[in-house]
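**Student:** Please read through the structure below; I'll follow up with questions.
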Amino acid sequence: MAEVLVLVDHVDGQVKKVTTELLTAARRIGEPAAVWIGDGAESGKAALAEFGAEKVYVAPAELNDYVVAPKAELLAKLAQDKGAAAILVSATAENKEIAGRTAVKLGSGVLTDVVDVDADVVTEHSIFGGGTVTHARVRTGVPVVAVRPNSVPAEAAAGAAVEEAVSVDVSDAAKAAKVVERVVQEQGERPELTEAAIVVSGGRGVGSDDFSVVEGLADSLGAAVGASRAAVDSGWYPNQFQVGQTGKTVSPNLYLALGISGAIQHRAGMQTAKNIVAVNKDPEAPIFELVDFGVVGDLHSVAPQLTEEINKRK
């Protein structure tokens, strides 16, 4: 059975949830082989083994000293040396660039923002604000696939996780852009937006930079907080929490939209959520065309009541 390379997303040795989802998808195609770049592989091997990684290729941390090009060279070399059936990465901005560069080096194709993939590496995409579902496949070479977080349910299956050190002779061109400083973004107790199982987002209907009504509901559910472009443009919430075509794409199990009208720009970033609930005063708001459950009402009245009821049931 051919190997399927999975680029591991990890922080301080902790494997991010999206990697367990990628390993689950990889098992449909072939034998999952995790690619770990940097330190901390020993800490993460157990999680990789739990979700089916038969091998763990560990590359030196020096590759992280540069921008994306060396990682693409590593993946391309591994794919050629190991005869990989496919390469899977998470659909983050950085990893999508890595995917594109890797595909160019392999002379193959790249598929991004994938929401599902089958045994034949036929991928599913949700486009045009969720109005159309398309399927695609790479016709030549090793398929490079970038999968959205929370799209494929992670399913445990024991793997050997045999560790093997790997390296690549990084070209001078790949070293042209070097990382000179890293700034750790402060993160509270809420989950990371793109990986959260539940997201509560606020829009223009919040009416001010007081997002406490949104944050209160999110905290009661253990959810991440998001914001529409209108709220971000108004300066009510930081840009890194924007959900939409020009922000982040999320695919949680539950998405709550508070005071969000549902413009196509926002829908493009959340329409693959498994369940969508919206609260809006306007019964004609476009968001109601998309939801599983909608409430016509003032979010400043509805959300606190919902928060109170959730807290009572904990």
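The values are calculated or read from the model by the stated rules, or taken from the named source; none is laboratory data. The model shown is predicted, which means the values in this text are computed figures rather than measured ones. Methodologically, a virtual Cβ is constructed for each residue, glycine included, from the backbone with ideal geometry; neighbour enumeration extends over all protein chains shown.
**Student:** Kindly evaluate Gly262 against the criterion of being modelled with pLDDT under 95, closer than 23 Å to Asp113 by Cα, outside any strand (DSSP E or B) and over 17 Å from the mean Cα position of the chain (by Cα).
**Tutor:** It is true that Gly262 is modelled with pLDDT under 95, closer than 23 Å to Asp113 by Cα, outside any strand (DSSP E or B) and over 17 Å from the mean Cα position of the chain (by Cα).
**Student:** To continue, here is another question. In the range 269-278, is there at least one residue being assigned to a loop (DSSP other than H, G, I, E, B), small (Gly, Ala, Ser) and at positive phi?
**Tutor:** So far as the range 269-278 goes, no, none of its residues is assigned to a loop (DSSP other than H, G, I, E, B), small (Gly, Ala, Ser) and at positive phi.
**Student:** Considering each residue of the range 260-278, count those that are in contact with a Gly (Cβ under 6 Å, 6 or more places away or on another chain) and buried (at least 23 other Cβ atoms within 10 Å of the Cβ), and give that number.
**Tutor:** 5
**Student:** Related question: On the given criteria, is Val213 crowded, with 20+ Cβ neighbours inside 10 Å, assigned to a helix (DSSP H, G or I) and at pLDDT 95 or above?
**Tutor:** Spelling it out, Val213 is indeed crowded, with 20+ Cβ neighbours inside 10 Å, assigned to a helix (DSSP H, G or I) and at pLDDT 95 or above.
**Student:** Mind telling me which of the residues Glu164, Glu155, Glu181 ends up being loosely packed, with under 13 Cβ neighbours inside 10 Å and either touching a Ser or Thr at 6+ places or on another chain (Cβ under 6 Å) or assigned by TED's automatic domain parsing to the domain that holds Asn95 (or both)?
**Tutor:** Of Glu164, Glu155, Glu181, the one residue that is loosely packed, with under 13 Cβ neighbours inside 10 Å and either touching a Ser or Thr at 6+ places or on another chain (Cβ under 6 Å) or assigned by TED's automatic domain parsing to the domain that holds Asn95 (or both) is Glu164.
**Student:** Within the range 184-205, track down each residue that is among the polar types (S, T, N, Q) and exposed (fewer than 11 other Cβ atoms within 10 Å of the Cβ).
**Tutor:** Gln185, Gln187
**Student:** Now a separate question. Can you find, within the range 48-100, the residue that is modelled with the lowest pLDDT among those that are under 24 Å from Thr123 (Cα atoms) and of a type in the set (S, T, N, Q)?
**Tutor:** Checking each candidate, the answer is Thr92.
**Student:** Within the range 286-314, track down each residue that is small (Gly, Ala, Ser) and either at pLDDT below 95 or surrounded by fewer than 17 Cβ atoms within 10 Å (Cβ to Cβ) (or both).
**Tutor:** Gly297, Ser301
**Student:** Continuing with the same structure: How about the range 122-149: which of its residues are in contact with a helix residue (DSSP H, G or I) (Cβ under 9 Å, 6 or more places away or on another chain) and more than 25 Å from Lys248 (Cα to Cα)?
**Tutor:** Correct list: Val138, Gly141, Val142.
**Student:** Would you point out which residue out of Ala76, Ala61, Ala85 is over 21 Å from Ser167 (Cβ atoms) and more than 21 Å from the chain's Cα centre (by Cα)?
**Tutor:** Ala85
**Student:** Among residues belonging to the range 218-259 that are assigned to a strand (DSSP E or B) and touching a Phe, Trp or Tyr at 6+ places or on another chain (Cβ under 9 Å), point out the one that is surrounded by the fewest Cβ atoms within 10 Å (Cβ to Cβ).
**Tutor:** Among residues in the range 218-259 that are assigned to a strand (DSSP E or B) and touching a Phe, Trp or Tyr at 6+ places or on another chain (Cβ under 9 Å), the one surrounded by the fewest Cβ atoms within 10 Å (Cβ to Cβ) is Lys248.
**Student:** Tally time: how many residues in the range 43-62 are aliphatic (A, V, I, L, M) and surrounded by fewer than 20 Cβ atoms within 10 Å (Cβ to Cβ)?
**Tutor:** Residues flagged as aliphatic (A, V, I, L, M) and surrounded by fewer than 20 Cβ atoms within 10 Å (Cβ to Cβ) within the range 43-62 amount to 2.
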